[in-house]
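Here is the structure we will look at.
The values are calculated or read from the model by the stated rules, or taken from the named source; none is laboratory data. Remember, it's a predicted structure, so these values are computed and weren't measured experimentally. Note that we place each Cβ from the backbone using ideal geometry, even for glycine, and neighbour counts take in every protein chain shown. Accessible surface is based on the protein model in full, side chains and every heavy atom, while ligands, DNA and RNA are left aside. Shrake-Rupley method; radii C 1.70, N 1.55, O 1.52, S 1.80 Å.
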Amino acid sequence: MQFQQLQYFVAVAETRHFTRAAELVHVAQPSLSQQIRALERELGVDLFQRARGNITLTDAGEALLPLARRILADADTARHEVQELAQLRRGRVRLGATPSLCTGLLPDVLRAFHDRYPGIQLLIEEGGSHDLVRELARGALDLALVVLPLPAPAPALTSVELLREELVVVSSPSAPRPGHGRSVRIADLEGERLVMFRHGYDLRELTVAACRAEGFEPDFAVEGGEMDAVLGFVRAGLGVAVVPSMVAMRAGSDLRVTPLARPGLRRTIALAHRSDVAPPRAARELQRMLVEQGG
């Protein structure tokens, strides 16, 4: 009994027509009929009753049909599992992340992932949450690290919260310390010139909204930069910036880090993917590692 013969048998059983079954499995009709007869000879029974224009299953055919379907399904499962394992030896993962997360959270996780799966190509796209959600929706990314809440209206996405991160104020050690002591209030930023991210950054929107909630418009010394540029401008003494604590920890000793006074500012980071498409095996493995790191 051959696997191909079972495929042909199930096709005929479901279509009740030899010609349509042959078209379904992309084989010539005489070849399909020949294989069905070979299967019947091997089993020693007729599987079909063949009357003009009417193909029906015999009792033996009815008994074989669920078994054949199960064998074919098991074969598909085995093929899928092997392909899934192969995806961990080669392939790619397309991950989107905000620039601050590329600087703070991702380096250690990506290094661990690359050490474990060196054959997987990692494609990283930086952007704000709005841009990343749009890229997820059109299928250009497998996963994206975004800031909650998701932009509305958002496509059908599944997200899992990874961590909640405190924001801090960074300044040049050569400049006066912002605020009055070991922490700085949002209200204290009214007297400071801010180095501000470009439009589309979640950090920009969060900082500006916090300042407005305290009754003032922030004063920008320079604006429009990416994360590395903002940190560089702060080091040069152009102003202060509000950045994630993970970024500040990696920024080096040439920046002064001052926590925000309670209640402070924080953001919620989540890992998102499309609800209607399961991420590839390699992407799911990276997702698992990110969730473990975030926890």
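The figures follow:
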| quantity | calculated |
| --- | --- |
| Net charge of neighbours whose Cβ lies under 13 Å from the Cβ of Gly128, counting Lys and Arg as +1 and Asp and Glu as -1 | -3 |
| Helix 202-213 vs. the chain, principal-axis angle (Cα, 0 to 90°, nearest 10) | 50 degrees |
| Phi-based couplings in Hz for the range 189-195 (Karplus 6.51, -1.76, 1.60; Gly and Pro marked x) | 6, 4, x, 10, 8, 9, 8 |
| Sorted largest first, extent of the range 3-138 alpha carbons per principal axis (Å) | 72, 30, 24 |
| Charge context of Ser183, other residues only, Cβ under 12 angstrom, K/R +1, D/E -1 | +2 |
| Percent antiparallel among DSSP beta bridges (both partners in the chain, rounded to 5) | 60 percent |
| Relative contact order of the range 1-113, pairs being alpha-carbon contacts under 8 Å that are 6 or more residues apart, as % | 20 percent |
| Relative contact order (percent, whole number), the chain, Cα cutoff 8 Å, 6+ residue spacing | 21 percent |
| Local electrostatic count, Cys211, Cβ distance below 14 Å [Lys/Arg +1, Asp/Glu -1] | -4 |
| Farthest toward positive dipole pole in the chain [+1 Lys/Arg, -1 Asp/Glu at C-beta], among Leu141, Ala60, Gln121 | Ala60 |
| Separation between Cα centres of the range 104-183 and the range 17-41, rounded to whole Å | 55 Å |
| Which of Met1, Ala241, Ala11, positive extreme of dipole for the chain (C-beta unit charges) | Met1 |
| Protein accessible area in the chain, 1.4 Å probe - carbon and sulfur % | 49 percent |
| At q = 0.09, 0.10, 0.15 Å⁻¹, base-10 log of I(q)/I(0) for the chain (Debye sum, equal scatterers on each alpha carbon) | -0.61, -0.67, -1.08 |
| Helix 3-15 vs. the chain, principal-axis angle (Cα, 0 to 90°, nearest 10) | 80 degrees |
